[in-house]
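The values are calculated or read from the model by the stated rules, or taken from the named source; none is laboratory data. What you see is a predicted model, and the numbers here were worked out from it, not measured in a lab. Cβ placement follows ideal geometry from the backbone for every residue including glycine, while neighbour counts extend to all protein chains displayed. Accessible surface is based on the protein model in full, side chains and every heavy atom, while ligands, DNA and RNA are left aside. Shrake-Rupley method; radii C 1.70, N 1.55, O 1.52, S 1.80 Å.
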Amino acid sequence: MKIGVDVSIFRFPKAGIARYLKNILINLISLAENDTFFLYSPKEIDSVFNKKNLILRFGKNLTRNFGSFWFQLEGEKYLFQDKIDIFWGQNHILPFRLAKKIPTLLTVHDLSFYYIYQTLPFRSFLIIRTLFFKAIRLATHILTPSNFVRQSLITLGISPQKISVVYEGAEEIFRPLDKDFAKKKIKEKYGIEKDFILSVGAIEPRKNYSLLIKAFKGIKEDFLLIIIGQKGWKNKEIFQLVKKLNLERRVIFFFSVSDEDLCYFYNAATLFVYPSLYEGFGLPVLEAMSCGVPVITSNASSLPEVGGDAVLYFSPYDEEGLVSQIKNIISSPSLQRELSEKSKERAKIFSFKKSAEKILNIMHQLGRR
């Protein structure tokens, strides 16, 4: 079977969707040695794949600069030429003419643009809304990373039978390490000697860092807050808040670290806090759990679905509630150990290999129609 895949998200390799897709594809391509995968992107990408059953297709004219609209303007031409049997769209994108002729699979990672649109740049909001509603109705079948997103689509009128939940997984590099060893690595490379609270995710309003920073003001001064994530959008107020609260020496931002170093940060942290307002899944929570660090996350959207009873929760609008949960963990080594063990056990439920097997089975079923 010839399987076409939208890999345009690989233009932004640090994005959560790019990490998800990379790991699913690695497993898919290995599992389906008799299938051929055609990967499509408006611009060239660095391929992490080296398989004989893989073909890359990139844009060749000016439409390559039109991002999400490239599939409608030029990309479909390659899809028809390759005579693919099924197309898998990411990030709400489908080539509309092709979708009327062959089976299509669409992953809807979240509906943040619909429910908390005010946290997005207007351009991104407009592009996604323009493409999304037509795509979900044209798609033969839809994948969601959580039951939360599935239920949101059902609320929008999509048939439950048309939607399958396929959870995400954590990469194997994220695993428990000796805490002293991890602290030593962080000290050697980054000069960090104090205990710290960690948060990971793009610096943008949806991640709710403002509430975390305000809550951190009430935590004793021998702790640091380390935030790791790319600069997203509308983040000026976040950096200004750090200055306003005189926390420049206690709140540290790293905009890019290697996965190896990120694993050290997870393992060296006293606890991990994920205060997000909205997530379709919440991959950093799973990565932290896989490393065995105690986790506090908001009780919003899909996050309780990921954390289960292995993490502590708070309302993403309740600053005092977050302060209370942080103090609970910091003051109780026994609670830290309990949450660490629960997190490691809970994380075993999720696997990119299991997810890839489920997706491949759906592809083959659709392809035989």
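Where the second residue is open to solvent by less than 80 Å² (accessible area, probe 1.4 Å) and in a loop (DSSP other than H, G, I, E, B) and the first is on the phi > 0 side of the Ramachandran plot and touching a residue at least 60 places away in the same chain (Cβ under 8 Å) and lies in the stretch 223-243, which pairs have Cβ atoms under 9 Å and are six or more apart or on separate chains?
Listed by first residue and then by second, the contacts come to 234/120; 234/121; 234/204.
The rows are residues; the columns are (1) surrounded by 24 or more Cβ atoms within 10 Å (Cβ to Cβ); (2) free of Cβ contacts under 8 Å to residues at least 24 places away in the same chain; (3) closer than 30 Å to residue 164 by Cβ.
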residue: 301; (1), (2), (3): yes, no, yes
residue: 338; (1), (2), (3): no, yes, no
residue: 348; (1), (2), (3): no, yes, yes
residue: 351; (1), (2), (3): no, no, yes
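Of all residues in the stretch 303-316 being within 17 Å of the chain's Cα centre (by Cα) and either crowded, with 23+ Cβ neighbours inside 10 Å or touching a residue at least 12 places away in the same chain (Cβ under 8 Å) (or both), which is nearest to residue 168 (Cα to Cα)?
The selected residue is 306.
Loosely packed, with under 15 Cβ neighbours inside 10 Å and aliphatic (A, V, I, L, M): does that describe residue 359?
No.
Scanning the stretch 250-263 for residues that are out of contact with any strand residue (DSSP E or B) (no Cβ under 7 Å at 6 or more places or on another chain) and assigned to a helix (DSSP H, G or I), which turns out surrounded by the most Cβ atoms within 10 Å (Cβ to Cβ)?
So the residue we want is 263.
Counting residues that are more than 16 Å from residue 271 (Cβ to Cβ) and at pLDDT below 95, which helices (runs of 4 or more DSSP H) fully inside the stretch 309-368 reach at least 3?
352-367
Which residues, counting only those in the stretch 144-182, are of a type outside the set (S, T, N, Q), assigned to a loop (DSSP other than H, G, I, E, B) and farther than 17 Å from residue 290 by Cβ?
Matches in the stretch 144-182: 156, 157, 158, 166.
Name the residues in the stretch 215-249 that are open to solvent by 30 Å² or more (accessible area, probe 1.4 Å), more than 25 Å from the chain's Cα centre (by Cα) and not polar (S, T, N, Q), would you?
217, 218, 220, 221, 222, 243, 244, 245, 248, 249
Looking at 295, 323, which is the one that is under 23 Å from residue 175 (Cβ atoms), of a type outside the set (Gly, Ala, Ser) and open to solvent by less than 60 Å² (accessible area, probe 1.4 Å)?
295
For the stretch 186-213, enumerate the residues that are among the small types (Gly, Ala, Ser) and crowded, with 16+ Cβ neighbours inside 10 Å.
Listed by number, the residues that qualify are 199, 201, 202, 210.
Would you tally the residues in the stretch 350-368 being within 17 Å of residue 33 (Cα to Cα) and of a type in the set (A, V, I, L, M, F, W, C)?
Residues meeting the conditions: 5.
Evaluate the stretch 8-15: report whether one residue or more is crowded, with 20+ Cβ neighbours inside 10 Å, closer than 20 Å to residue 94 by Cα and over 20 Å from the mean Cα position of the chain (by Cα).
no
Yes or no: residue 175 open to solvent by 70 Å² or more (accessible area, probe 1.4 Å) and either in contact with a strand residue (DSSP E or B) (Cβ under 8 Å, 6 or more places away or on another chain) or modelled with pLDDT under 95 (or both)?
no
Is there any pair with a first residue in the stretch 62-81 that is at pLDDT below 75 and a second that is hydroxyl-bearing (Ser, Thr, Tyr) and not in a helix (DSSP H, G or I) whose Cβ atoms are under 6 Å apart and which are 6 or more apart or on different chains, and what are they?
75/40
Take the conditions touching a residue at least 60 places away in the same chain (Cβ under 8 Å), assigned to a helix (DSSP H, G or I) and under 19 Å from residue 230 (Cβ atoms) and apply them to residue 266. Does it pass?
Yes, satisfied.
Being modelled with pLDDT of 90 or more and of a type in the set (Phe, Trp, Tyr) is the filter; apply it to the stretch 21-40 and report the residue that is surrounded by the most Cβ atoms within 10 Å (Cβ to Cβ).
Going through the qualifying residues, I end up with 37.
Only one residue in 135, 99 is at pLDDT 80 or above and open to solvent by less than 40 Å² (accessible area, probe 1.4 Å), so which one is that?
135
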